[in-house]
There are 6 protein chains.
Amino acid sequence: MLGIRRVVVKLTGKLFDDRSRAGVLREIAGVISRKASEGFRLAVVVGGGRRAREYIELGRELGLAEGVLDMVGIEVSRVNALLLASLVGGVAHLPVPRSVEEFLRAWSTGRVVVLGGLQPGQSTNAVAAVVAELVGADLLVNATDVAGIYDSNPKENPNARLLKEVRVEVLEGMLRSEELAGLYELFDRVAMNIVKRSRIPLVFLSAYDVKSLEGAIEGGEFTGTRVLY
Amino acid sequence: MLGIRRVVVKLTGKLFDDRSRAGVLREIAGVISRKASEGFRLAVVVGGGRRAREYIELGRELGLAEGVLDMVGIEVSRVNALLLASLVGGVAHLPVPRSVEEFLRAWSTGRVVVLGGLQPGQSTNAVAAVVAELVGADLLVNATDVAGIYDSNPKENPNARLLKEVRVEVLEGMLRSEELAGLYELFDRVAMNIVKRSRIPLVFLSAYDVKSLEGAIEGGEFTGTRVLY
Amino acid sequence: MLGIRRVVVKLTGKLFDDRSRAGVLREIAGVISRKASEGFRLAVVVGGGRRAREYIELGRELGLAEGVLDMVGIEVSRVNALLLASLVGGVAHLPVPRSVEEFLRAWSTGRVVVLGGLQPGQSTNAVAAVVAELVGADLLVNATDVAGIYDSNPKENPNARLLKEVRVEVLEGMLRSEELAGLYELFDRVAMNIVKRSRIPLVFLSAYDVKSLEGAIEGGEFTGTRVLY
Amino acid sequence: MLGIRRVVVKLTGKLFDDRSRAGVLREIAGVISRKASEGFRLAVVVGGGRRAREYIELGRELGLAEGVLDMVGIEVSRVNALLLASLVGGVAHLPVPRSVEEFLRAWSTGRVVVLGGLQPGQSTNAVAAVVAELVGADLLVNATDVAGIYDSNPKENPNARLLKEVRVEVLEGMLRSEELAGLYELFDRVAMNIVKRSRIPLVFLSAYDVKSLEGAIEGGEFTGTRVLY
Amino acid sequence: MLGIRRVVVKLTGKLFDDRSRAGVLREIAGVISRKASEGFRLAVVVGGGRRAREYIELGRELGLAEGVLDMVGIEVSRVNALLLASLVGGVAHLPVPRSVEEFLRAWSTGRVVVLGGLQPGQSTNAVAAVVAELVGADLLVNATDVAGIYDSNPKENPNARLLKEVRVEVLEGMLRSEELAGLYELFDRVAMNIVKRSRIPLVFLSAYDVKSLEGAIEGGEFTGTRVLY
Amino acid sequence: MLGIRRVVVKLTGKLFDDRSRAGVLREIAGVISRKASEGFRLAVVVGGGRRAREYIELGRELGLAEGVLDMVGIEVSRVNALLLASLVGGVAHLPVPRSVEEFLRAWSTGRVVVLGGLQPGQSTNAVAAVVAELVGADLLVNATDVAGIYDSNPKENPNARLLKEVRVEVLEGMLRSEELAGLYELFDRVAMNIVKRSRIPLVFLSAYDVKSLEGAIEGGEFTGTRVLY
């Protein structure tokens, strides 16, 4: 298995929010399918997006417990995963795995594995980190709706500068400062602990920049931020 | 187990369409919980509703196959089932079963089993009929968004009359006439074949008429339509 | 995965009725194994045959419900599937899948997947159609004990003529006329709806004509009937 | 859980051989259902019988390996188990467990668990012993087609005498003498080792003597043979 | 289900370290079994202890990845869970659940559910919090090898004072100060987030003080520390 | 699949007893990984070793039943299997299968399958034989802590001579003589019955002689004992 490059991609659930992003989704599915056919081994973790939030609001209105709301959000992220896996087509595994064991079983078929959340109390970022560590990933790509890590909030500061590289301790500090964490929806604590302890190569880029996504998967060039350990 | 009344309820997915129906949902969950505590054995099959349709439209936009779109709709109906099961609380089984075997396993615990769809090419009405036959249900309640079977389409004809009883052959004839079937979203072919061969007592009523729902479950009075074999 | 031809074969359960057909079974298993090795992707759905009927009669004698009798028949079709999968050998998946999700998981290994029935209220023809739609089959072959669709019942009319092609509406009409349906054991409603909505290429041929079976799988010549959409 | 009597019953698969024994089967199912309702905890292991043998012969004709033939026989014993569990009705667990873990899960629901074989290379007698040991059974009843252990083969010697009691070492000696083992189809080595090491109370009786079966389950009187440790 | 008290107990894996603690284990199993029989609903999460650490050291010597080492530790905690569940006996569920979904399925049988870890990157404390939130626990008991939370490290400071109550913000501060966290092996971040967001009543006590364990489960008196929200 | 050599290896659990054997384990994992990459199909069954014994002693101290102790030992052998599978790396299947069906599913992915025990009342030698029969193994290698079968106990008699070949009947006689069986920990009855009925080529060699292990897998030379049928 030497020489096979293993990459885990975390995709924002916003891609599934409405039909306007169908084009990007198709492009991303195309990249995944092509890279898999070229011999890359890929796992893709997708978030829940708007529909997860709506369902969670409905559940909260109904008075359901927080852990149940998390489960509802996880189920919605799995619907997104089913859509993406079907779009990727024959090189992708089905059904969508629902636990770490099921993920490993799916991974053992050699297919691209697409999954959503796994457990209450844990974001899909944590899932991506868990999965990346288990498969010994050469790279974890976090594809969100901004181009990477900025020196200040790009949605508030028009002069915010995209960082090409960021030290993990700096990133950690950003996460601790809660406002920023809230704005960026970057990484949770569990994800951070895992990438740190296993020094998993990690980059942040925009899910809408499909060319950069492809570049990062290949180990080539991309626009975004690389985390330094 | 003699004397235990077993009832399968099919609930329209529209109940989960938005937060405005949270009140009805809570009432329905209350009835289910109370009846279960009183010794009734209940299975509840929920449809997908608006969100299923939206997801299916997204999937169609993405060019996914019909069987996959069915699976997407099934997954959404399972999210609804998770919400309802959690709302029913401790007397309900979790997780939501994903196959007939899982349904039987859940049913064997003695809990209320809430489920969504099971298989592509089949409506949740068919699921309700399959389940009702397997557990030897004393009653199958189809709770939709109209009060039962009318002599003409109540949404077009203000003078449409609610039928208290309808012979199964007549109902079948209505289903064959496709427009009506489309309007009423009553029952599909598989469901019809199953209730006929096993002569499963069947009533149609409005999901918003919670008192009638409770009456029907108890074997008491209700506003709606009873099918005669 | 472009260029990979995917074929779903429905095999009559009669092939497993007694040891006299062991020779044909071996030939069929040989074709399946060879085609799989040549790169075709295959799923095979087998019926229950005589033993299923005998078990169902025993169950009926015992007073079991119709849904349970269906489950008994399904279990017997799975024994047939186990036999065939073992006969096909190393290129076939084991164990025999017991739900749509298990089918997809098995299919994701790249092996030939052999299965029997899946759900009460549904024939193995419906299973074959569900599976064909999910994998995006290039062809669904229905291998029964007659050579295809005739213009009248070949078991009653010695002059019955085998149709090379039949329009799907005509086939549907035949199914609606119940006697014929009973005689031919062709296709049920669910199967018909699925092949129509997804326009799945469909042929009928004799399971005993192994050369035609091979021809059809390859996309070459065969004796039988092709359905036109 | 003190005071709850746990009994495992091994039933010969011959009971399912043809419709002539439907009456006995119904009586046995009635006893199981009644005893369960009275608070006894029961597991029932059923053999494969004639149909298993026929399927195995077909498989041998097809040239399948011995391990596969065992699996075929196991599947048939599970069809028998499905029939019996359905006949027992609401107090029985469904689906039929397919592994030791699934058995334990089913047992944990508090229902009667009916199962067939579990693993190649192992008889359903061994399954009954494994299960009896795991649940801490107060009794293992082996219900075959003879009334118990005889001092010589009752099918050859009309003067053969039914033993009321037999020491386990004597029984073991009988098993070692292979002809006898073949005739009696009593117990295999694995079963013997397990009952000995855990000193599981064990009786042999006729499956057709339903009154004795009920007596043994209750801890009362029965015609048959008790094994002494 | 009103009035049923639901308690989740987290037990230190040290209890399984060697045979010297067999007595305490038996007492704890006795309490769990008794409380379950009295109508309390209980889930018990056990840690891995010394054997987990030894296996992890072996795995590290072999050069295995951190995520795999976590999985090894989780498997060992499950062996502990199997031992405890067997010791609790008939009121406990088997097999040991291996995912959140399996936990919910086990919980739905009404039995005591004993489990170990669930996922890499997460302690068994987090598992206990996830489980407590999902079942709507009235109490989460963390039974470690010290009597609760002290105002300084009791293993270093002989004058350390056991706190009867501690505000959650104070506890959180203690966790942030890493040395203390290391010494106390109290709670990880995920666990803390969950108990905070759902305000799950939480107490810390010594696993060796079985009387306090029983008191806490009952909602009565105990020696230990209560967390205030 | 012609020409693909299938080999099942049974590895003594002693290899996992302590960190001193990490080197041998790594070498064995290297051989397995290399052979798999060269196209051999491999299944590896590992025993429980010292840690299983220690856990079983703890369980016995706690008064657990024999069947439960077997399950505890099986779980420990699965921890060993997890370690080895992770060490073998990408060509090995995860998770570790827990039943015959899970084994077959894992085998169908084409990966090396590493497993431990399967069922109470059965040694891991029996598991290896069951698995070897099911996959139609060309060879079953039993790698223990002695170099093969001797003409007398090598641990007692310094002049004991390693047999290059032994007839199966002679091996069987050795097993019957209980002392020898105890010393050698060779094969149990179930294993013996299976290899005999299917005439599975069988060799015994030392797990510490990695070169011989490789030789035997390849069908080449090795130091050890070959069983003649």
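Within the bounds of the stretch C:37-48, is there any residue that is in a helix (DSSP H, G or I), surrounded by 20 or more Cβ atoms within 10 Å (Cβ to Cβ) and either aromatic (Phe, Trp, Tyr) or out of contact with any Cys (no Cβ under 6 Å at 6 or more places or on another chain) (or both)? Step through it out loud before you land on a result.
The first filter runs over the stretch C:37-48 and keeps only residues in a helix (DSSP H, G or I), leaving C:37.
Cutting the leftovers down to surrounded by 20 or more Cβ atoms within 10 Å (Cβ to Cβ) gives us none.
No, the stretch C:37-48 has no match at all.
Whether any residue in the stretch B:73-83 is surrounded by fewer than 18 Cβ atoms within 10 Å (Cβ to Cβ) and among the acidic types (Asp, Glu) is what I want to check. No: the stretch B:73-83 contains no residue that is surrounded by fewer than 18 Cβ atoms within 10 Å (Cβ to Cβ) and among the acidic types (Asp, Glu).
Among the residues of the stretch D:3-36, how many are among the charged types (D, E, K, R), farther than 13 Å from residue D:143 by Cβ, touching a Gly at 6+ places or on another chain (Cβ under 9 Å) and assigned to a helix (DSSP H, G or I)? I'd like the intermediate steps shown before the answer.
Looking only at the stretch D:3-36, we keep the residues that are among the charged types (D, E, K, R), and these are D:5-6, D:10, D:14, D:17-19, D:21, D:26-27, D:34-35.
Subset that is farther than 13 Å from residue D:143 by Cβ: D:5-6, D:17-19, D:26, D:34-35.
Add one more test, that the residue is touching a Gly at 6+ places or on another chain (Cβ under 9 Å), and what stays is D:5-6, D:17, D:26.
Adding the requirement that they be assigned to a helix (DSSP H, G or I) leaves D:26.
Counting residues in the stretch D:3-36 that are among the charged types (D, E, K, R), farther than 13 Å from residue D:143 by Cβ, touching a Gly at 6+ places or on another chain (Cβ under 9 Å) and assigned to a helix (DSSP H, G or I) gives 1.
Selection within the stretch A:213-229: residues that are without any contact (Cβ under 8 Å) to a residue 40 or more places away in the chain and of a type outside the set (Phe, Trp, Tyr). The member of this set that is surrounded by the most Cβ atoms within 10 Å (Cβ to Cβ) is A:215. Checked against the criterion of being under 22 Å from residue A:194 (Cα atoms) and buried (at least 24 other Cβ atoms within 10 Å of the Cβ), the candidates E:126, E:137, E:132 yield just one match: E:126.
Looking at F:180, F:205, F:213 in this structure, which one is modelled with pLDDT under 95, outside any loop (DSSP other than H, G, I, E, B), hydrophobic (A, V, I, L, M, F, W, C) and over 27 Å from residue D:71 (Cα atoms)?
F:180
Might you let me know whether the stretch C:70-80 holds any residue that is within 14 Å of chain F (Cβ to nearest Cβ), closer than 27 Å to residue B:133 by Cβ, at pLDDT 95 or above and part of a helix (DSSP H, G or I)?
Yes; the residues of the stretch C:70-80 include at least one that is within 14 Å of chain F (Cβ to nearest Cβ), closer than 27 Å to residue B:133 by Cβ, at pLDDT 95 or above and part of a helix (DSSP H, G or I).
Of the residues F:85, F:36, the single one that is of a type in the set (A, V, I, L, M), within 14 Å of chain A (Cβ to nearest Cβ) and within 24 Å of residue F:119 (Cβ to Cβ) is F:85.
Can you find a residue that is over 15 Å from the mean Cα position of the chain (by Cα) and within 14 Å of chain D (Cβ to nearest Cβ) anywhere in the stretch F:48-59?
Initially, the stretch F:48-59 is screened for residues over 15 Å from the mean Cα position of the chain (by Cα), giving F:50-59.
Still in the list and also within 14 Å of chain D (Cβ to nearest Cβ): F:56, F:59.
Yes, because at least one residue in the stretch F:48-59 is over 15 Å from the mean Cα position of the chain (by Cα) and within 14 Å of chain D (Cβ to nearest Cβ).
How many residues, within the stretch B:91-104, are touching a residue at least 40 places away in the same chain (Cβ under 8 Å) and either within 12 Å of chain E (Cβ to nearest Cβ) or among the hydroxyl-bearing types (Ser, Thr, Tyr) (or both)?
Within the stretch B:91-104, the subset touching a residue at least 40 places away in the same chain (Cβ under 8 Å) is B:91-92, B:103.
With either within 12 Å of chain E (Cβ to nearest Cβ) or among the hydroxyl-bearing types (Ser, Thr, Tyr) (or both) added as a condition, the list becomes B:91-92.
So the answer is 2.
If you check residue A:120 against the conditions, is it crowded, with 23+ Cβ neighbours inside 10 Å, over 23 Å from residue A:215 (Cβ atoms) and in contact with a strand residue (DSSP E or B) (Cβ under 8 Å, 6 or more places away or on another chain)? Judged against the criteria, residue A:120 is not a match. Taking the criterion of being closer than 19 Å to residue D:84 by Cβ, assigned to a loop (DSSP other than H, G, I, E, B), more than 8 Å from every other protein chain (Cβ to nearest Cβ) and of a type outside the set (Val, Ile, Thr), the residues of the stretch D:105-151 that qualify are D:116, D:117, D:123, D:137, D:145.
Is it fair to say residue F:83 is of a type in the set (A, V, I, L, M, F, W, C), assigned to a helix (DSSP H, G or I) and at pLDDT 95 or above?
It is true that residue F:83 is of a type in the set (A, V, I, L, M, F, W, C), assigned to a helix (DSSP H, G or I) and at pLDDT 95 or above.
Return yes or no: is residue F:136 free of Cβ contacts under 8 Å to residues at least 60 places away in the same chain and small (Gly, Ala, Ser)?
No.
Note on the stretch C:183-202: among residues that are within 14 Å of residue C:140 (Cα to Cα) and in a loop (DSSP other than H, G, I, E, B), the one that is modelled with the lowest pLDDT is C:186. For the stretch C:152-177, the tally of residues that are surrounded by 14 or more Cβ atoms within 10 Å (Cβ to Cβ) and part of a strand (DSSP E or B) stands at 2.
The values are calculated or read from the model by the stated rules, or taken from the named source; none is laboratory data. All of these numbers come straight from a predicted model, not from anything done at the bench. A quick note on method: Cβ atoms are made from the backbone with ideal geometry, for glycine too, and the neighbour counts reach across all protein chains shown.
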